[in-house]
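Down below is the structure, laid out as structure tokens.
The values are calculated or read from the model by the stated rules, or taken from the named source; none is laboratory data. Here the structure is a predicted model, which is why all the values come from computation and not from measurement. Note that we place each Cβ from the backbone using ideal geometry, even for glycine, and neighbour counts take in every protein chain shown.
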Amino acid sequence: MARNRSQENRTSQSNEGAVVQGDKRNAQDIIGLIVDQQSQFSKTNRRIAHAILSEPHSFAEKPIEELTAWLDVSAPTITRFSRMLGCDGLKDLKLKIMGSVRIGIRYLEPQTPPGSIAEVAERVSKRAQKTIADMHHNVDLERAQAVVDKISVCHTLYAFGSGGVSSWLIEEIQNRFFRLGIRVIPCNDHQMQFMLATAVERTDVVICCSLTGANIELEKAVTVAREYGATTIALTPNGTPLAAAVDELLPIDCPPDEDILSPASIRYAYMIAIDIISYGVAIARKDAGREKLRRLKQQLAIARDAAQTQPLCD
């Protein structure tokens, strides 16, 4: 008797006793689904799951005859396992495995992590030093000067960014430039970025931070800001959609870290770029920048009633 398909879409249970809930059955991240459900699998199904997680390429490339010998299971068992995960069959399972592998193979391959906190500190420090040195040697000085020229005379500086790193980079932009007498409006919300872009004036600058340069919502906001006459600037990799959407680009091109557990050292490249620009703007604004720094330092010293040991520009 044929199984009712609507019931199958809600819950699938193999002969080995593993259950995959209906809301998981159309998952595209098949690796994540296997990891999430493997504790419910039977011993036989856990053997198949282990092979997929440990050697996904081998599983996807082997024909069914080799898979049965490798895993010591029958062909119908592999087919049932595939359907239990919501796949149409073994071919569909293999396609989804390869899709997951293309995106996240580095997260599946075993790595040798540092053996001590001393080695952790050394790796982090050396990667940061290399990133800073690379930025020093490769920064486009002509473009950096163009960015300095635009920001140093702007009325309002809008700082747009979203995501884990870009969100706090725009806060650092605010922290650097408000003390130079420039009004800064940071924003990490896409809808608000779009609305703020409609309120810009021709004397304003919109600066964007993006580690990928592939932020469609940010591109929309930039396009609107340009339509109303604001100068748009991006700190982002060369050759990306966002890089092509702005008036001025200061490219940040750094190779990705291969260590998936380590914090991304590309953050330091963006910090160096922001520091270069802010230092250049401070010099360009001359007395206007100095006076705002003096006020800040004066009031902090009075409020804290302490020796003036902090750096003058922090």
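Could you tell me whether Asn188 is crowded, with 23+ Cβ neighbours inside 10 Å, more than 17 Å from Val147 (Cα to Cα) and assigned by TED's automatic domain parsing to the domain that holds Arg295? No, not satisfied. Applying a threshold of 6 Å to beta carbon distances and a minimum spacing of six or more residues, or different chains, the list of pairs starting in region 79-91 at a residue that is part of a loop (DSSP other than H, G, I, E, B) and ending at one that is surrounded by fewer than 20 Cβ atoms within 10 Å (Cβ to Cβ) and among the basic types (Lys, Arg) reads Gly86/Arg25. Among residues of region 181-201 that are touching a residue at least 40 places away in the same chain (Cβ under 8 Å), those with a Cβ under 7 angstrom from a residue that is surrounded by 21 or more Cβ atoms within 10 Å (Cβ to Cβ) and in a strand (DSSP E or B), sequence gap 6+ or separate chain, pair up as Ile182/Leu157; Val200/Tyr158; Val200/Val206. Against the numbered list (1) in a strand (DSSP E or B); (2) in contact with a Gly (Cβ under 8 Å, 6 or more places away or on another chain), Ala243 comes up short only at (1).
Just to verify a result, which residue in region 141-166, among those that are buried (at least 16 other Cβ atoms within 10 Å of the Cβ) and of a type outside the set (A, V, I, L, M, F, W, C), is nearest to Ile252 (Cα to Cα)? Residue satisfying both the conditions and the ranking: Ser166.
Only residues that are surrounded by 22 or more Cβ atoms within 10 Å (Cβ to Cβ), polar (S, T, N, Q) and free of Cβ contacts under 8 Å to residues at least 40 places away in the same chain were counted in region 202-241, giving 2. Residues in region 129-165 that are touching a residue at least 60 places away in the same chain (Cβ under 8 Å), under 19 Å from Pro256 (Cβ atoms) and in contact with a Cys (Cβ under 7 Å, 6 or more places away or on another chain): Thr131, Asp134.
Looking only at residues in region 259-290 that are part of a helix (DSSP H, G or I) and charged (D, E, K, R), the one that is surrounded by the most Cβ atoms within 10 Å (Cβ to Cβ) is Arg285.
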